[in-house]
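Worksheet for the structure shown next.
The values are calculated or read from the model by the stated rules, or taken from the named source; none is laboratory data. The structure presented is a predicted model; accordingly, all values stated were derived computationally and were not measured. Cβ placement follows ideal geometry from the backbone for every residue including glycine, while neighbour counts extend to all protein chains displayed. Accessible surface areas use protein heavy atoms only, side chains included; no ligands, DNA or RNA. Shrake-Rupley method; radii C 1.70, N 1.55, O 1.52, S 1.80 Å.
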Amino acid sequence: MELWFTEKHADNVRFSIRIKKQLHSEKSEFQQIDVFDTYEFGKILTIDGIVMITEKDEFVYHEMIVHVPMASNPNIKDVLVIGGGDGGTVRELTRYSNIQRIDMVEIDQVVVELSKAYFQQTSCKLDDKRVTLFYEDGIEFMKDKKDVYDLIIIDSTDPIGPGEGLFTEEFYKNCYFALKKNGIMVNQNESPYYDKEKREFIRANKKIRKIFPVARVYQLHIPTYPSGHWLFGFNSKGIDPVNNDNVDGWVKNNLETQYYNTEIHRGSFMLPNFVKSMISQ
Ligand code: AG3
């Protein structure tokens, strides 16, 4: 018998991955979490029926959410990750010796525990000495932070369930205040393609543009997310990710990457017209 995991990508579109075996299924206090072993993508982690990571393509997401801001400011020392319980973002951050502190705020401890049990590939650096894990609601956590971080990465789920508050204006404002003078905030910004994600992308981008003097959008290709065309926001108090003399110097870090490189860094900010028109609304 063939087993398939199916995610609804749009009302009339479904995406299926053939399963070798279901490895875990658990309803945490916050959400339904499943782990499957698959033929094409290795192990995959789903939350409420939505693919969060696969072993085969997580590198795209995690390299792009980390190396783009890190190349834009080589002096980043204090970093905050909101969400990101699988540990992939932290793994990429720990590759930089200039980073002194990584705080990670994940609402659901079960996500971290299951990632440690099944996804060594992403969770392998959660024990790094510079990392502090807070099992708290990111929205609450941000309320009293002023001028503490150089970089905030919002590594969230979609804006449904516990991730919803991470797409509000109040939360983005609190992130702005939590950042130091040269601060950068990168946010998981959904997809411009199917209606549901497109709506969320436009809404989030509008809110952020009111708050951050620099608010740019960049794109990446993730085969297992709806349409495969995904977006992150690069927002800052002044640092521009493209007109930036530091970007070429990133190669001196000698980090081996599978997706990110300096051309991709610049190219990812060059958007198709249909996406450009969404952010000029
Ligand atoms: N965070 C999930 C991004 C959104 C996925 N959405 C979807 N497939 N509809 C991934 C966490 C990686 N650290």
*Accessible solvent surface per residue of region 94-199, calculated while the other protein chains remain in place, 1.4 angstrom probe, Å²*: 44 Å²
*Pop out the ³J(HN,Hα) list for region 257-266 in order, Karplus 6.51 cos²θ - 1.76 cosθ + 1.60 with θ = phi - 60°, rounded to Hz; leave Gly and Pro as x.*
10, 9, 10, 5, 8, 5, 5, 4, 3, 6
*When the Cα centres of region 64-87 and region 88-144 are compared, how far apart do they sit, in Å?*
11 Å
_Dipole axis of region 58-279 (+1 Lys, Arg; -1 Asp, Glu on Cβ), positive-most option in 83, 124, 260_ = 260
_For region 218-245 and region 164-195, what is the centre-to-centre distance using only Cα atoms, to the nearest Å?_
13 Å
*So, with +1 on the Cβ of K and R and -1 on the Cβ of D and E, and no other charges, what is the size of the charge dipole of region 11-117 about its Cα centre, to the nearest 20 debye?*
320 debye
_Given Cβ point charges of +1 (Lys, Arg) and -1 (Asp, Glu) and nothing else, what value in debye, to the nearest 20, does the dipole of the chain about its Cα centre take?_
860 debye
*Show 128, 103 ordered by accessible area, largest first, where the area counts protein heavy atoms only and the probe is 1.4 Å.*
128, 103
*How much accessible surface does residue 107 have with a 1.4 Å probe, in Å² rounded to 10?*
40 Å²
*Counting alpha carbon pairs within less than 8 Å and at least 6 residues apart, what relative contact order, in whole percent, applies to region 1-111?*
16 percent
*Square roots of 5 times each gyration tensor eigenvalue, C-alpha, the chain, largest first, Å*: 27, 21, 19
*asked:* Just to be sure I understand: with springs between alpha-carbon atoms less than 10 Å apart, which residue in 120, 219, 188 has the highest mean-square fluctuation in the Gaussian network model of the chain?
replied: 120
_Of 201, 36, 176, farthest towards positive along the dipole that unit charges on Lys, Arg, Asp, Glu beta carbons give the chain_ = 176
_Tell me whether region 151-281 comes out rounded, prolate or oblate; compute the Cα gyration tensor, take square roots of the eigenvalues as a ≥ b ≥ c, and use a/c under 1.5 as the rounded threshold._
oblate
*Carbon and sulfur atoms: what percent of the 1.4 Å accessible area of the chain do they account for?*
48 percent
